[in-house]
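The values are calculated or read from the model by the stated rules, or taken from the named source; none is laboratory data. Note that the structure is predicted; figures quoted are calculated from it, not measured. Here the Cβ is made from the backbone with ideal geometry for all residues, glycine too, and neighbour counts use every protein chain on show.
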Amino acid sequence: MVLKIYERLDKHQDENIDIKNTATLILPFESRQKSRLKATLDNGTEVGLMLPRGGLLRGGDLVRAEDGSVIKIVAAAESVSKVTHDDPLMLMRASYHLGNRHVPLQVSRDHLSYTHDHVLDEMVTGLGLQVECVEAPFEPEGGAYGGGHKHGDHDHGHTHQHSH
């Protein structure tokens, strides 16, 4: 039997929950964007996400299953391109160019990260920045219009090329 998950707990509810014995659900970014998904908890229980559309699950979020159990979301390590440069202005330039391509982007004080893509890596390297492929949790910025913006929601005439 598949355990159904209908509810995302808000931050006020989180404070009253003991999460020491909570099962975890480890998901990559692509899966954390979906409101409908079948997955398996770390304890082997099969679950079905049936959350309201338009949300994005982040590492550390809590959800409640139909049986009342609370499950912690964990951002899976995945293949990401980590962009670095000593000059913050260069990181801002790379952010601008990646943003023009609607690339989900994780912004940190000293680096940028996006889902690994060799075409984007070549573009960023061509701008003069260093790029390395690493395995790490991916937590990109939320969309400017609320919720998580999904890559490819609208096209604006750009051609998107992906590799895995």
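Okay, here's what the table says:
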quantity: Residue 56 vs. criteria assigned by TED's automatic domain parsing to the domain that holds residue 127 and either outside any strand (DSSP E or B) or touching a His at 6+ places or on another chain (Cβ under 7 Å) (or both); calculated: no
quantity: Tally, over region 105-114, of residues that are touching a strand residue (DSSP E or B) at 6+ places or on another chain (Cβ under 6 Å) and in a strand (DSSP E or B); calculated: 4
quantity: Of residues in region 118-141 being under 23 Å from residue 33 (Cα atoms) and not aliphatic (A, V, I, L, M), the one modelled with the lowest pLDDT; calculated: 141
quantity: Any hit, region 142-162, residues being touching a helix residue (DSSP H, G or I) at 6+ places or on another chain (Cβ under 6 Å) and modelled with pLDDT under 95; calculated: yes
quantity: Count - residues of region 89-104 that are surrounded by fewer than 18 Cβ atoms within 10 Å (Cβ to Cβ) and part of a helix (DSSP H, G or I); calculated: 8
quantity: Residue 115, sole failed condition from (1) over 23 Å from residue 33 (Cβ atoms); (2) surrounded by 13 or more Cβ atoms within 10 Å (Cβ to Cβ); calculated: (1)
quantity: Where residue 86 falls short, out of the listed (1) among the charged types (D, E, K, R); (2) part of a loop (DSSP other than H, G, I, E, B); (3) surrounded by 16 or more Cβ atoms within 10 Å (Cβ to Cβ); calculated: (3)
quantity: Residues within region 62-99 that are over 18 Å from the mean Cα position of the chain (by Cα) and without any contact (Cβ under 8 Å) to a residue 24 or more places away in the chain, tallied; calculated: 7
quantity: Flag for residue 6 being farther than 16 Å from residue 138 by Cβ, hydroxyl-bearing (Ser, Thr, Tyr) and modelled with pLDDT of 95 or more; calculated: no
